[in-house]
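Read the structure below first, then the notes.
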Amino acid sequence: MKEIEIDSSNHDQRFDRFLRKHFKMQPGIALADIYRGIRNREITVNGKKAKEDYRVRNRDIIKIEDAFFEGKDANKKPSVKKSLPIDVNYVKSLILFEDDNWLVFNKPTGISIHPSDNEHKQRSMHDLLRAYIPSKWETFNASFGYRLDKETSWVLIAGKTYDSLQYINEIIRNRQIQKEYLAIVVWRFPKQLSMHKPLKKIFSSKFQRGKTIVSDSEDVESKESTTHCELEKTFQHPILWPISLVKVQIETGRMHQIRVHLADAGFPVLGDMLYGHPRINRVLIEKVKLKHIFLHCWKYSFWDNFAGNTVAFQAPIPNHFDLILKK
């Protein structure tokens, strides 16, 4: 029989999720085996049967009976893909802030948050995080509190403890985060523009990926979305025609919200291959020699319960912004 004592790093996790993480490195034990073990009382909490959605508590004792392992190859090793080495000094160069609860990155454009089967040869932000903070516990690792577009550069925050990760997820759900963006859009932008249009996700057969469209407010799949923009300056670029630097704030956080709202208003983000202006993007790539989307989350602020004050993290303007604006 195996016994596991819950500590503060695992407190308040769902029972089934804790077990999934615990057995993650044992491919011989499937998810169905875990649920069967719970139902058959082969896995118990404090000697009693527990439901899958039970929240484990500090000092709970989880017992896994020997019968659970019968017929399962618990020692089977997970397959490991060959991957590129990670320079920890490069990871450190991306860090904007770190304390006991938070690790804040300046995420570059072109790097995805999580690894995928199609991108195993390219390092993801998750890989960089794991190189900097190796796994310390069986069932909790430092993790990012939200997902971001691969193409966009951002202030990206990881929770270093279970409590901090849970906290940032909660304040994001409650819209208690203040985010400020910078975007370079095509054409001359008005001094101010607010967009209140519902959005919904669809699958694009052309791009073979999910995308977002402006939708009818009566569509049950659409979600309210609000974006506020303010002009910083308009430039007459020698090749790209008029372009504008715009500050953006959002009240809601829908997938691709800023990009879709700006494109719908007639001011697509420069370099946006999914929603942008095809002809200007082609000039950007072929003549300006840049293949980036010009959208950057430069400031992220919220009330930090652990510090007892409001914290604000700011990322420097990306190089590709400077290359365009200096023209």
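Selection of the range 128-180 for residues being over 20 Å from H296 (Cα atoms), among the aromatic types (F, W, Y) and not in a helix (DSSP H, G or I) yields W137, F140.
Yes/no matrix, rows are residues, columns are (1) charged (D, E, K, R); (2) over 28 Å from D100 (Cβ atoms):
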| position | (1), (2) |
| --- | --- |
| P134 | no, no |
| N141 | no, no |
| K150 | yes, yes |
| I157 | no, no |
| R173 | yes, no |
| K211 | yes, yes |
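Entry remark, the range 1-26: residues being part of a loop (DSSP other than H, G, I, E, B), under 18 Å from A67 (Cα atoms) and over 26 Å from the mean Cα position of the chain (by Cα) number 2 in total. Condition first: surrounded by 15 or more Cβ atoms within 10 Å (Cβ to Cβ), within 18 Å of I172 (Cα to Cα) and of a type in the set (S, T, Y). Can you find one or more residues in the range 243-255 that meet it? Within the range 243-255 (the criterion being surrounded by 15 or more Cβ atoms within 10 Å (Cβ to Cβ), within 18 Å of I172 (Cα to Cα) and of a type in the set (S, T, Y)), the answer is no, since none of the residues qualifies.
Within the range 253-273, can one find any residue that is in contact with a helix residue (DSSP H, G or I) (Cβ under 9 Å, 6 or more places away or on another chain) and at positive phi? Scanning the range 253-273, I find at least one residue that is in contact with a helix residue (DSSP H, G or I) (Cβ under 9 Å, 6 or more places away or on another chain) and at positive phi, so the answer is yes.
Of everything in the range 267-324 that is within 30 Å of I177 (Cβ to Cβ) and acidic (D, E), the residue that is surrounded by the most Cβ atoms within 10 Å (Cβ to Cβ) is D272.
State yes or no: is R282 among the charged types (D, E, K, R), over 26 Å from the mean Cα position of the chain (by Cα) and modelled with pLDDT of 95 or more?
Details: among the charged types (D, E, K, R): yes; over 26 Å from the mean Cα position of the chain (by Cα): yes; modelled with pLDDT of 95 or more: yes.
Answer is yes for this residue.
Of everything in the range 201-225, what is small (G, A, S) and assigned to a strand (DSSP E or B)? Give them in sequence order. Correct list: S204, G210. With the requirement that a residue be free of Cβ contacts under 8 Å to residues at least 24 places away in the same chain and charged (D, E, K, R), what does the range 273-301 give you? Within the range 273-301, R279, R282, E286, K289, K291 meet the criteria. Being crowded, with 18+ Cβ neighbours inside 10 Å and in a strand (DSSP E or B) is the filter here; which residues of the range 181-192 pass it? Passing the criteria: Y181, L182, A183, I184, V185, V186.
The values are calculated or read from the model by the stated rules, or taken from the named source; none is laboratory data. The structure presented is a predicted model; accordingly, all values stated were derived computationally and were not measured. A quick note on method: Cβ atoms are made from the backbone with ideal geometry, for glycine too, and the neighbour counts reach across all protein chains shown.
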